[in-house]
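Coordinate-derived values only; no laboratory data. Quick caveat: nothing in here was measured; it's all calculated off a predicted structure. In this analysis, Cβ positions are derived from the backbone assuming ideal geometry, glycine residues included, and neighbour counts consider all displayed protein chains.
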Amino acid sequence: MRPHRVPLICTLAAALAAASMAGAQEPRASLPLPRITSPIKVDGDLSDPGWKQAVQVDLPYEIHVTDDGAPPVKTTGYLGYDSTYFYAALRCEDPDPRKIRAPFADRDSISSDQDFAGLFLDPRHDGRSALELFVNPRGIQNDGITNDATGQEDFSPDLFWDAAAKITARGWDVEMRIPLTSLRYAKGDPQTWGVILYRNYPRDFRYQITSVPLPKGTNCTVCHEMDLTGLTGLPSSNHLVIAPYATAREVGEARGEPGSSFLNKPVEGEAGADVKWNPGPDTALDLTLNPDFSQIESDVAQIAVNQRFALFYPEKRPFFMEGVDLFQTPIDAVYTRTITSPRWGLRATGKIGSMAYTVLTAQDRGGGLAIIPGPESSTFAPQDFSSVVTIARMRQDAGPSFWGFLVTDRENEGGSFNRVAGPDFQWRPSDSDQVTGQFLYSTTKTPNRPDASSEWDGRRLGGGDVYLVYDHSAKVWRWNLQYRDVSGAFRADSGYVPQVDYREGRARLSYNLYPGNFFSRLEPAVIADLKWNRSGQPLSRECYAGINFEGKRSLNGELFYNPKDERVGGKLLHADTLYFSSYFSPSSVVANLGIEGDVGEAIDYDGARVGRGGDVNVSATIRPTSHLSLVFSGERSWLNLSEGSLFTADTVYMKSTYTFSARSFLRIIAQWLETRRNPALYPYEVPGHDGGLTGSVLFAYKLNWQSVLYVGYGDNRVLIPQHGFQPADRQVFLKISYAFQR
């Protein structure tokens, strides 16, 4: 496809969207919210007099197995508010309470194989994003954000709120009390908010029960919310949280090679603080000083052998979580893990009328690796210099649609920089259709560090990145058209864009069947994806054909055949692969079993040749008791050539967690990674055998998500051929943090 055809794609997408309009969205249900004047004690008992003043809401729709059909069990919700709190409760009836799936777990660890209930709450009433506040029958809390614009859920953000649940002879009940100071809502009196009550009921199928209809094929969830009207006299919210922390750490390291005698270093201490101030209900200001961004739980290992592009790891650090949905755009131009070691950080998030905004700035001490993108692969360079990073985005709502603008700026020590800016939009002509796009332009001066990367010679770069998507998501037919055009000079040093200098066209067409027996949904699909460089040469050609499926015991998976061509080392190589995945939940004890991978022909990206191989991952979650959880995952990647085995890489991850209560747990993790190669088959020198073994033990006690005590031990070992895994370093650490609120 040639560049002059690009406008045709834009015209075609707009024409298809206009042709598929289904008319204006149905008016939303409206419910006056009463003010509660009698006391409510949050203990899981709904007999308090305050609940008699709450408005009752039925949950009459099942949206997953059926299409807004009658649910198999009855659920009743209760809602109200006073001058300090928003209250919600759900009475979840169950014909056999012995089958309730209710394990103890850490916060934000509720999964789809468990019973839980709660609500989507939209205090801004923009019909676009909402808080997700869920509780399981043990009172374990899950909170996060769902974003209709991206179709994503993020359970990293945390709020201050209270919940309690109780299993009864009729089922189970849950109470929730959310401080108004924890919520973001616009100015005005009276207020209108949005809400969807929700219950997850996993039995023979996974049933999802709601208070509003959510037809299959709709492209949004929050847009169907029920309006809560008549909220008056809400506080202007002047809420301050100061959470100082202190850590102590003793580290031991091998004096020489791993396995040599250890040197125990003196105990080191650190201190810092996170501050959050809400001067009003629609504004949040965050400050972090010398933040402790050490990970209490390390990233799960990923196999990096025979990979062309940099791996992605999710963000887990609390400071970056406020307003995180505003950083989610079609192009991953914001990836806050590029801010490796902040010395300080400032952030403002809020809303003015129908415009939402967030601005973040931080000083990064440096460390880690910077991604150097390319058309066929990405490389790395050491980021051993400090930077000041600023990221800002605004989003202006326009009915069910919106437009936005993003700016990122990284000013590096020594005068180099990367600046990115541009608009994005989403147009929703109907519940089934949406057109999304983004255009970014970057200007870059690379560091003058040719010793670290050949590109880092102080050169200046400037280029753009265009992304357009048309998506039709109806009950039966679904299709998707995408186009992307990335300049070879585009850089997003504060984002995750590991591939540049290419154009891509992608199309997907599928048809949904609803058998209603073992399989609740079958979706045959075909996908075509073409990438070519800006000189017109194909980089990759793929054509998938296969099926997605859902069924009993929360079964879901895919099976696709994929013949593909990829350009490697100037040659276009062909490989036929079979991709498969299957996950299901057999019982409350065997909570999850899964397998995922691809097998068949495989490309050796280092040697530019084709062999046979694959990558397979198996996983399991076992809960022998309601307090104990055992998680296992294992992955094997391999590639065989006609001359013999090129490599075999294995990783095993095991986690055992005993949760004493909603506030405390003891966790043990072991993680093993080992790679065996045939050095004679590589075009450059590689080790024949390497790997690592890490382990950790952690005790945690949490009053809330910012008032915590952690005590732990970590051990790291390196594989030395003929000598096994030898100790490299170990550490003992203590962390205390307490949130003072006003």
How far is the Cα center of region 329-369 from the Cα center of region 562-617, in Å?
34 Å
Evaluate the distance, in nm, between pseudo-label points positioned 7 Å from the Cα of residue 396 and of residue 661 along their respective Cα→Cβ axes.
5.2 nm
For the chain, build the charge dipole from Cβ charges (+1 Lys, Arg; -1 Asp, Glu) around the Cα centre, then report which of 254, 377, 241 sits farthest towards its positive end.
241
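Once every DSSP H run of n ≥ 4 in the chain is given -39500 (n - 2.57) and the sum is divided by its residues, what mean residue ellipticity at 222 nm do you get, rounded to the nearest 500 deg cm²/dmol?
Numbers: 1 runs with 14 residues, N = 742.
Mean residue ellipticity, 222 nm, calculated: -500 deg cm²/dmol.
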Note on region 78-123: contact order normalised by length, alpha-carbon pairs under 8 Å, 6 or more apart, percent, works out to 28 percent
Return the equivalent ellipsoid semi-axes of region 26-143 as a descending list in whole Å, where each equals the square root of 5 times an eigenvalue of the C-alpha gyration tensor.
23, 20, 16
Options 474, 226, 656, ranked by Cα towards positive dipole end of the chain, top entry (Cβ charges):
226
Listed by chain and number, the lysines with an alpha carbon less than 20 angstrom from that of residue 571, same-chain partners under 8 positions apart left out, are 531
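May I ask for the longest run of the chain untouched by GluC sites (Glu not before Pro) that are loop-located per DSSP and have at most 14 neighbouring C-beta atoms (other than their own) within 10 Å? Could you put the intermediate results ahead of the total?
Values: sites that count: 297, 413, 643, 685.
That would be 1-296.
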Extension gain, residue 713 back to residue 384 (0.36 nm per residue minus Cα-Cα distance, nm)
115.6 nm
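Could you give the dipole magnitude of region 33-231 about its Cα centre, charging the beta-carbon of Lys and Arg +1 and that of Asp and Glu -1, in debye to the nearest 20? Kindly include the intermediate steps, with their values, before the conclusion.
Values: 21 positive and 30 negative charges, 72 e Å.
Around 340 debye, computed over region 33-231.
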Plugging the Cβ-Cβ distance of residue 162 and residue 52 into 1/(1 + (r/R0)^6) at R0 = 25 Å yields, to the nearest 0.05, a FRET efficiency of 0.80
In this structure, the FRET efficiency calculated for residue 685 and residue 543 from their beta-carbon separation, with R0 = 35 Å, to the nearest 0.05, is 0.40
Rounded to two decimals, the Debye log10 I(q)/I(0) of the chain (Cα scatterers, no solvent) at q = 0.06 Å⁻¹ is -0.39
Quick calc, residue 229 & residue 674: beta-carbon distance into FRET formula, R0 60 Å, rounding 0.05, result 0.50
Would you work out the charge dipole size for the chain about its Cα centre, treating the Cβ of every Lys and Arg as +1 and the Cβ of every Asp and Glu as -1, and quote it to the nearest 20 debye?
340 debye
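Working out 0.36 nm times the residue gap between residue 699 and residue 558, then minus their Cα-Cα distance, what length gain in nm do you get to one decimal? Display every interim value, and only then the final one.
Values: separation 141, 0.36 × 141 = 50.76 nm, distance 3.82 nm.
Length gained between residue 699 and residue 558: 46.9 nm.
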